[in-house]
Every structure is written in structure tokens, then in C-alpha cells.
Amino acid sequence: MSATGPEDPCGATSSQPAPHSNVDLARIERAVREILAAVGEDPDREGLLETPARVARMYAEMFQGLHQDPAVHLRKFFHEKYDEVVLVRDIRFCSMCEHHLLPFTGVAHIGYVPNGKVLGLSKLARVVETVARRPQVQERMTEQIANLLVDELDAKGVAVILEATHACMTIRGIRKPGSMCVTSAMKGIFRSHLSSRSEIMQLVYGGGKYTTG
Ligand code: ZN
């Protein structure tokens, strides 16, 4: 079984109002004013007047996952005697590189072999969203998603693959547009059995034979 992911999480369709209550917006605004002044801008010129407040709301949204527990989405499973691979491909995400506070965006592919607990397909996308919306590095995000599935589902195997482009690589530094960073975390039978690992890679990359989306 496999399916493709939901709509673009960076787009307007999924942007929920950010839970600002946990975020000190005024403090971000003061900091943004300070950055503008520090780079030689005039924070009081007309075009920039609203910028600190806008950036504060943006950060509250981009980092809202700090105040959410991704595991809650994995506790609503149903019991099913299905012990083949479940794969959700192309779950789009936007995260923020914690080294530069620049976005990295891409897709997650998540496969697991259930051990009696099967998730609704949208739950995996919610886990990705929650883990992405915090200061991150792609490697840790990959591990976090895999470990959440191992811990909450007791799955026989978990495979998480993330592919992303990092703005900190494309617009600054070595400026390599189009370069893609791929990370993977393999747990359980996907780690111990080469044949299972080959199967999941085939499902993710090997063409549309098994896909429904
Ligand atoms: Zn970076």
C-alpha cells in the first residue's frame, strides 16, 4: 500500500493560524529592528515599518512545532493484521536550518511494516509537519521521525528518507542551486534485512508499479 502526500505545507492551503501564545512576538520584533539597523538600514523607513511584526508572526508559524508533541498523531492507530510495507511518498515539508535560520524544503518518504498497529495515512504527514516546524538539521529530523514511529507503533521496520534543498547552500556560501541533500534512517527489518531495504528503496524510487497516487 502506498500513497502520495498532501498539499504543499509551505503554501496557503495548510497554513494554520500560528499559536502565538507561546512565542514572545514583541521580543522578535525588537530583534528584527536591531538586525535591520545593524545591516545599515533604517527600520523606520516606510517600507520596513511593518516588517518586524510580519517576521515575528512568520517565526511563530515556522517554529510552532516547538510547542507541539508529534507523538500524539501516532496514538490514533487502528488494529489490522497487515504485515506488509505501508509507504507514504512525497510528503512535502518546509523546515528551518538551525545553523542559518534559512529554509530547507523537500519531501519525506516514510515506510513501515506494522506490528498490529496501522495509522491513518494523514498522520504521517502531521508528524513530519510537527517535526519540521522547529529549528532543525535534516539528519536529526530524519532520525526523530523514524524513532517516533519505532517508539509509538512498535513497527517491525521503519524507513524514513528525506530529500531537501537548503537555502543556505543555494543562495549563500557555495551557491549550488539544485543540489539535493538525501538522508535516511532505517530501523528494524529495514536495517537488518537487505531484501527489505531493497524493497523499500524500490517502492520509493523504482517506478510506479505499487503506487496508487
Ligand atoms: Zn544552513
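Whole-Hz ³J(HN,Hα) for each residue in segment 57-62, computed from phi via Karplus 6.51 cos²θ - 1.76 cosθ + 1.60 with θ = phi - 60°, x for glycine and proline: what do you get?
Those phi angles translate into 5, 5, 5, 4, 6, 5 Hz.
Could you give the size of the charge dipole of the chain about its Cα centre, using +1 on the Cβ of each K and R and -1 on the Cβ of each D and E, expressed in debye and rounded to the nearest 20?
The calculation lands at about 480 debye.
Which whole-Hz couplings ³J(HN,Hα) result when phi for each residue of segment 198-206 is put into the Karplus expression 6.51 cos²θ - 1.76 cosθ + 1.60, θ = phi - 60°, listed in order with x for Gly and Pro?
5, 5, 5, 5, 5, 5, 6, 10, x
With a cap of 14 neighbouring Cβ atoms within 10 Å, and only residues DSSP puts in a loop, list the trypsin sites (Lys or Arg not before Pro) found in segment 113-213.
Passing both the DSSP loop test and the Cβ count: Arg172, Arg175, Lys209.
Let me check against my output: what whole-number percent is the relative contact order of segment 17-123, with C-alpha pairs under 8 Å and at least 6 apart?
25 percent
How big is the Cα convex hull of segment 63-116 in projection, averaged over all directions, in nm²?
Averaged projected hull area, Cα only: 4.9 nm².
Along each principal axis of its Cα atoms, how long is the chain end to end? Whole angstroms, biggest number first, please.
62, 38, 27
Measuring from label point to label point, each 7 Å out along Cα→Cβ, what is the Arg175 to Ala26 span in nm?
Computed distance between label sites Arg175 and Ala26 equals 4.2 nm.
Using a Förster distance of 45 Å, how high is the FRET efficiency between Lys76 and Asp44, based on the Cβ-Cβ distance and rounded to 0.05?
Efficiency at R0 = 45 Å is approximately 0.35.
Two decimals is fine: what's Rg over Rh for segment 126-213, C-alpha atoms, Kirkwood radius as Rh?
Radius of gyration relative to Kirkwood radius: 1.02.
Determine the gain in length on full extension of the stretch Val137-Glu34; use 0.36 nm per residue of separation and subtract their C-alpha separation, reporting nm with one decimal.
Difference between extended and current length: 34.5 nm.
In percent, how large is the relative contact order of segment 67-213, given Cα pairs closer than 8 Å and 6 or more residues apart?
24 percent.
Taken together, the values in this text are just the output of simple stated rules run on the coordinates, not laboratory data. What you see is a predicted model; the values in this text were computed from it and never measured. Note: ideal-geometry Cβ built from the backbone for every residue, glycine included; neighbour counts use all protein chains shown.
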